[in-house]
């Protein structure tokens, strides 16, 4: 009975370890993908800021806003 219980316990621990390993891999993948999204968002934010500046310049030249 003791050997059977130890064997069952070890099997459960292996299952828990495999699940933990998968979770770690998933988290690593999510963190990598999130960092890529953050970089792209930062790039687009810079582009939007430049477009906003250019639009404001055009509006000023056309007299659509106060200078």
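The values are calculated or read from the model by the stated rules, or taken from the named source; none is laboratory data. It should be emphasised that the depicted structure is a prediction, and the values quoted were computed from it without experimental measurement. Note that we place each Cβ from the backbone using ideal geometry, even for glycine, and neighbour counts take in every protein chain shown.
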Check whether at least one residue in the stretch 38-45 is more than 23 Å from the chain's Cα centre (by Cα) and at negative phi, and report yes or no. no
Being surrounded by fewer than 10 Cβ atoms within 10 Å (Cβ to Cβ) and either modelled with pLDDT of 95 or more or not in a helix (DSSP H, G or I) (or both) narrows it down to one residue among 21, 26, 66; which is it? 66
Options 11, 4; residue that is assigned to a helix (DSSP H, G or I) and at pLDDT below 95: 4
